[in-house]
Every structure is written in structure tokens, then in C-alpha cells.
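Accompanying notes for the structure given below.
The values are calculated or read from the model by the stated rules, or taken from the named source; none is laboratory data. It should be emphasised that the depicted structure is a prediction, and the values quoted were computed from it without experimental measurement. With ideal geometry, Cβ positions are generated from the backbone for all residues, glycine too; neighbour counts draw on all protein chains shown.
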Amino acid sequence: MLYKSTRGSNEGFSFEQAVIKGIADDGGLFVPDEFPVLCERDFDTFGEASYKECAASIINRFIPSFNNGEIRDCVFAAYGENFDSQDIAPLKRVCSGVYCLELWHGPTAAFKDMALQLTPRLLVTSMKKQKLSKDIAILVATSGDTGKAALEGFRDIEKTKIMVLYPEDGVSEVQKRQMITQEGSNVSVVAVKGNFDDAQTAVKGLFADKELAKKASSLGYTFSSANSINWGRLLPQIVYYVRTCAKLRTSGILTEGKKAVFVVPTGNFGNILACYYAKRMGAPIGKIVCASNENNILTDFINTGVYDRNREFYKTLSPSMDILISSNLERLLYELCGRDCKKVSGWMNDLKATGRYEVDSDTLKALQEIFIAGSIDDAQTQKVIKSVWKKDAYLTDTHTAVAFGVYEKQKKNLSPDDTIIIVSTASPYKFAKSVLSAVSDDDVSDIGEFEALSALSEKTKTAVPFPLLCLEDKAVLHEKLCSVSELPQVVLDFLKN
Ligand SMILES: *Cc1c(COP(=O)(O)O)cnc(C)c1O
């Protein structure tokens, strides 16, 4: 199996090359040139197997150049004691015909762990097999969840160092505390003066700084990002879709000819794209529902074929979905338009030049055959949290609530025979204040973020997940604050140590 660029020539790359490069030279994203097709027997096996066994088997088919031992080493180290559920991605019944797939039992209590616990291991194995002489220094700007998940993923991974930059005034108290208490011998966390845009621009500047690259190279490092467009981050996400379908089949819930419908709270289109790939591989998936918050650019796109980012940007209660450029959509378009690189390049050029593109009617038809979309606003999100809690005694975070809300709105367009799986991307405790305020009848606006954790636990008689427990008492290990202009030196000092 080879990997090709969505925008480019016929040149093929190995998995190792695609993961190390991250993005193709022509600006396109790496995609596999074929999808392994799963057979009946695979589904029977996966329905009984552990998460790790499934992951090893599925991932193996996309990385023919890794031997069995290499894959298993990566997978078994990624999904172990660091998850607080034996099942890794447990499926919970919410009500008749509706299930919730919980992807937040990893070390940071949000779904980014599902990929980021494995990606660094795939990367390092690739580096070794390619006999890369340099180590990799990961630089990440974060507005919240990604930074912490990347830190946990790369911590103590040989041949790598990771530095996460967060805006001094741009992350929540809990998020900040999660990062500045980060342990690990190869990690650094630095507050940057300014807001998230300043931090993001600063990191882009660091990547473009030739002088810095040269100095880093003489210290034995090349820079890389832990970006969600890396194929190594997408691949691990296919596993839970395939396995969920297999488990539903084995338990007799998904009978012959019936389909699973996944409702996915979407931002950068990575998670939902993995669902599409699982469908392509033969998983019994029907419609895929794309759920958005007020930043409903994807809803408009799926309904009209016009992608237009010239619109207002809203800060919502589901911040990890506050995105106007869903990078991974490019990979879907590539498949839907018949892998026509010229078309894809054209749309992406339009997007860059005008902030807008429109797909042709065949592509739109192919899109609408599989995807349906919807969005809800913050007020509705809070109502949904409350009603799902009251009605089904299921506590959901703000992102997952968007999926529940969109499912309610789209129910009429689905078959009553479908089994519904709401994809849950964060523990309710990750966004405790919003969730508490939604389920409380009283005004809770005075409660602090840490207090909200215990207040929510008391109110709902549910447990605070392990990674968020005792956060306040953990030792602060990273206190550096610097201005953008000081960053290159701060990076070099970190690489020297
Ligand atoms: C990242 C994230 C999402 C969006 O996932 P994409 O793959 O970017 O679509 C949704 N919910 C939470 C909690 C996230 O952290």
C-alpha cells in the first residue's frame, strides 16, 4: 500500500515517509491508494477481540512494512493502563436503539487521546525504520485540548521532544493546570504573552525560521508538528468505528442488513472522516451525521455544496469545534470526486484565494448520499444536556450534546431500523462548569472551575475521571512565560538540555 497526495502527482510514499513528512510537498494530504476490505470473518473476530487486538489487526493492513511485532509493540503500549476503561472505547446504551461511544477514557479525558497515544509510537518506529539520523522536536500551539493530549502522547517517547505553547490569557484554568503539571523527561510547556492567534502565529514563525532550523539541526533535531492532518493521527481513529460495528453485530443488536448510524460532533473533520473510511472498508454503516455548533460551515457545505468561510466566527460552549477550516475535508473530497487531484487542487486554491469553493453536482450528490448534517446553538446545547440527563440519566459534555441535539433534529431523515451511535468526544468533567450550569436549576456562575468539578460530581453522583482528580494539588512543573520574540532562544535552550 502506498500513500499519495490529494493534490498531486502519481508519486507514492510509504507509510513511514507519509507520517514523517506530515504534509505532502504540494500542500496536499496523504491518503492511502486503496482501502483494505474487511470480510465477515474479520467482523466475527473483532466482535470478540480486545480493543488492542482489533487495533493491531486493522492498523496492520495499512502499514504493510511494519512487522507484526512492531505494530503490536506500538498498539499495546498505547492502549493500556493509561486508559481508565478496560474496553478503551466503551459503548453505553442511552435508550432504546441509541448508544453512546465514549472516546474519552484516556489520560486527558478527551477523544484526542485515542489517536495521540498511538501516533508518536508509529512515528518513532517509522523514524527508526527509515534510519533517520535526527531526532524530532514537536512544536504545538494550543487553545486547549490538543496541547495536553500531545504532551501525554509524546511524554518519554525516545527520539522526540515536545514543546507546547499556550496563550497566557487563552486557556481555561483546568486546561492550564493540566498542562503546567505535565510530567515527562522530554516535555516543555511555555506560556506566551498574548492570545491564541499570537501563539499560533508564533509557532508558524518558528517553523519558518531558517536560522533556527539550522541551529536545531546542529543540535540533532528537525522540527515537526503533531497536527491532525497527519495520516498517523487519522489511522488510529478508524479502529473504534469498525470495532463498534463488529461488537453490535456479535451482540445481536445489529442484525443482517441493518445499519449503524454514527452522529459525530465535528471540527476539523478528522473523527468523522475515519467513520467514512470504516464504511469504505465494509463496516455496516448507513448515514453518517455531521454535527456542528453555531460555526455551522460544514452543515451549509453538506446541504449546498458551497464551502464559505467568509462568515462570523463564534466562540461557543463546545470550543473544540470552533473551527472554520476543516482541513481533513480535503481527503473526503478526494474520494468523492473520483480521486481527481486537479479538482481538489482547484477547490483548495479557491479556498485560499477567496475563502470559498463550490463542488460540482456529482460530488455534491456523492456527499449527500452518505452524509447528513445539522447544527445547534449554545442555548440548545444546554437544553440537550439537561434533557438527556433528566430523561436517560446520561451525563454528556457540551460537544457530545451537540451530537445528541443534531440527532434529535435529524431523526426524521433516518430509518427506524438504524442503530444510532452518538460519538462522545469528551468527559462531561472536561467542561464541568458548562455542564453543571446546564443540569442545575440555580445560578452557578460564581462557582470556580475547580469547584465545578466536585459540585458536578455531588449533584449527579457520578465520578470525576482520574486525570482530572486532584489536579489542584499536583506540583506545578512549568512556569515559564515569554514574549514571542524570545521564543527562538527558549526553543534552543530546551533542545540543548
Ligand atoms: C477535537 C475535538 C472534536 C473535533 O474533532 P475533529 O476530528 O477535529 O472533527 C470534538 N470534540 C472534542 C472534545 C475534541 O477535542
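Would you point out the residue of the range 391-412, among those that are free of Cβ contacts under 8 Å to residues at least 12 places away in the same chain and over 26 Å from the mean Cα position of the chain (by Cα), that is surrounded by the fewest Cβ atoms within 10 Å (Cβ to Cβ)?
Restricting to residues being free of Cβ contacts under 8 Å to residues at least 12 places away in the same chain and over 26 Å from the mean Cα position of the chain (by Cα), the top hit is Lys412.
Could you please let me know if Val31 is within 18 Å of Arg233 (Cβ to Cβ) and part of a helix (DSSP H, G or I)?
no
Leu254 versus (1) assigned to a helix (DSSP H, G or I); (2) among the hydrophobic types (A, V, I, L, M, F, W, C); (3) more than 16 Å from the chain's Cα centre (by Cα): which is the lone unmet condition?
For Leu254, the exception is condition (1).
Output the residues belonging to the range 389-439 that are in contact with a Pro (Cβ under 8 Å, 6 or more places away or on another chain) and within 20 Å of Gly106 (Cβ to Cβ).
Hits for the range 389-439 are Leu395, Thr396, Asp397, His399, Thr400, Ala403, Val423, Thr425, Ser427, Tyr429, Val435.
With (1) out of contact with any Leu (no Cβ under 6 Å at 6 or more places or on another chain); (2) assigned to a strand (DSSP E or B); (3) closer than 19 Å to Arg243 by Cα; (4) within 16 Å of the ligand (Cβ to nearest atom) as the list, and Arg93 as the residue in question, which single condition is left unmet?
Of (1) out of contact with any Leu (no Cβ under 6 Å at 6 or more places or on another chain); (2) assigned to a strand (DSSP E or B); (3) closer than 19 Å to Arg243 by Cα; (4) within 16 Å of the ligand (Cβ to nearest atom), only one is false for Arg93: (4).
Show the residue pairs meeting these rules: Cβ distance below 6 Å; 6+ apart or different chains; first residue within the range 319-344 and in contact (Cβ under 8 Å) with a residue 60 or more places away in the chain and over 19 Å from Arg233 (Cα atoms); second residue more than 16 Å from the ligand (Cβ to nearest atom) and of a type outside the set (A, V, I, L, M).
Taking only residues 6 or more apart or on different chains, the pairs are Cys341/Arg7; Cys341/Gly8; Val344/Thr6; Val344/Arg7; Val344/Tyr334.
Applying the selection to the range 125-149, what residues are within 16 Å of the ligand (Cβ to nearest atom) and polar (S, T, N, Q)? Talk me through it step by step, then tell me what you get.
Going residue by residue through the range 125-149, those that are within 16 Å of the ligand (Cβ to nearest atom) are 140-149.
Thr142, Ser143, Thr146 - these are the residues of the range 125-149 that are within 16 Å of the ligand (Cβ to nearest atom) and polar (S, T, N, Q).
Check the range 188-196 and report whether any residue there is surrounded by 19 or more Cβ atoms within 10 Å (Cβ to Cβ), within 16 Å of the ligand (Cβ to nearest atom) and not β-branched (Val, Ile, Thr).
Taking the range 188-196 as the starting set, the residues that turn out to be surrounded by 19 or more Cβ atoms within 10 Å (Cβ to Cβ) are 188-192.
This time we only want the ones that are within 16 Å of the ligand (Cβ to nearest atom), so: none.
Scanning the range 188-196 turns up no residue that is surrounded by 19 or more Cβ atoms within 10 Å (Cβ to Cβ), within 16 Å of the ligand (Cβ to nearest atom) and not β-branched (Val, Ile, Thr).
In the range 457-482, which residue that is within 16 Å of the ligand (Cβ to nearest atom) and out of contact with any Lys or Arg (no Cβ under 8 Å at 6 or more places or on another chain) is farthest from Lys386 (Cα to Cα)?
Pro467
For the range 70-113, enumerate the residues that are within 30 Å of Pro416 (Cα to Cα) and aromatic (Phe, Trp, Tyr).
Tyr99, Trp104, Phe111, listed by residue number.
Check whether at least one residue in the range 101-109 is surrounded by 24 or more Cβ atoms within 10 Å (Cβ to Cβ) and on the phi > 0 side of the Ramachandran plot, and report yes or no.
yes
Residues to consider are Ser454, Ser437, Ser415; find the one that is outside any loop (DSSP other than H, G, I, E, B), of a type outside the set (A, V, I, L, M, F, W, C), more than 16 Å from the ligand (Cβ to nearest atom) and surrounded by fewer than 19 Cβ atoms within 10 Å (Cβ to Cβ).
Residue meeting the stated conditions: Ser454.
Taking Ala226 as the residue in question, decide whether it is of a type in the set (Gly, Ala, Ser), within 16 Å of the ligand (Cβ to nearest atom) and within 30 Å of Asp493 (Cβ to Cβ).
On the way: of a type in the set (Gly, Ala, Ser): yes; within 16 Å of the ligand (Cβ to nearest atom): yes; within 30 Å of Asp493 (Cβ to Cβ): yes.
Here the answer is yes, as Ala226 does meet what is asked.
Can you tell me which condition Leu234 does not meet? The list is (1) away from the ligand (no atom under 12 Å from the Cβ); (2) in contact (Cβ under 8 Å) with a residue 60 or more places away in the chain; (3) outside any strand (DSSP E or B); (4) not small (Gly, Ala, Ser), and all the others hold.
(1)
Got a sec? Which strands (runs of 3 or more DSSP E) wholly within the range 303-408 have at least 1 residues that are within 16 Å of the ligand (Cβ to nearest atom) and among the small types (Gly, Ala, Ser)? Let's see the steps before the verdict.
Values: elements: 306-308, 356-358, 371-375.
Per the criteria, 371-375.
Kindly provide the set of residues from the range 208-231 that are at pLDDT below 95 and under 30 Å from Ala55 (Cβ atoms), ordered by number.
The answer is Thr222, Phe223, Ser224, Ser225, Ala226, Asn227, Ser228, Ile229, Asn230.
I need the full set of residues from the range 254-272 which are out of contact with any strand residue (DSSP E or B) (no Cβ under 6 Å at 6 or more places or on another chain) and either charged (D, E, K, R) or more than 6 Å from the ligand (Cβ to nearest atom) (or both), in order please.
Thr255, Glu256, Gly257, Lys258
Restricting attention to the range 289-302, report how many residues are within 12 Å of the ligand (Cβ to nearest atom) and under 27 Å from Thr419 (Cβ atoms).
Matching residues across the range 289-302 total 5.
So in the range 102-139, with the set limited to residues that are part of a strand (DSSP E or B) and under 14 Å from the mean Cα position of the chain (by Cα), which one is nearest to Thr222 (Cα to Cα)?
Filtering the range 102-139 for residues that are part of a strand (DSSP E or B) and under 14 Å from the mean Cα position of the chain (by Cα), the one nearest to Thr222 (Cα to Cα) comes out as Ala110.
Looking at Ser185, Ser228 in this structure, which one is closer than 30 Å to Ile63 by Cβ, without any contact (Cβ under 8 Å) to a residue 60 or more places away in the chain and not in a helix (DSSP H, G or I)?
Sole residue among the options that is closer than 30 Å to Ile63 by Cβ, without any contact (Cβ under 8 Å) to a residue 60 or more places away in the chain and not in a helix (DSSP H, G or I): Ser185.
Confirm whether Leu298 is crowded, with 19+ Cβ neighbours inside 10 Å, of a type in the set (A, V, I, L, M) and either closer than 20 Å to Ala403 by Cα or without any contact (Cβ under 8 Å) to a residue 12 or more places away in the chain (or both).
yes
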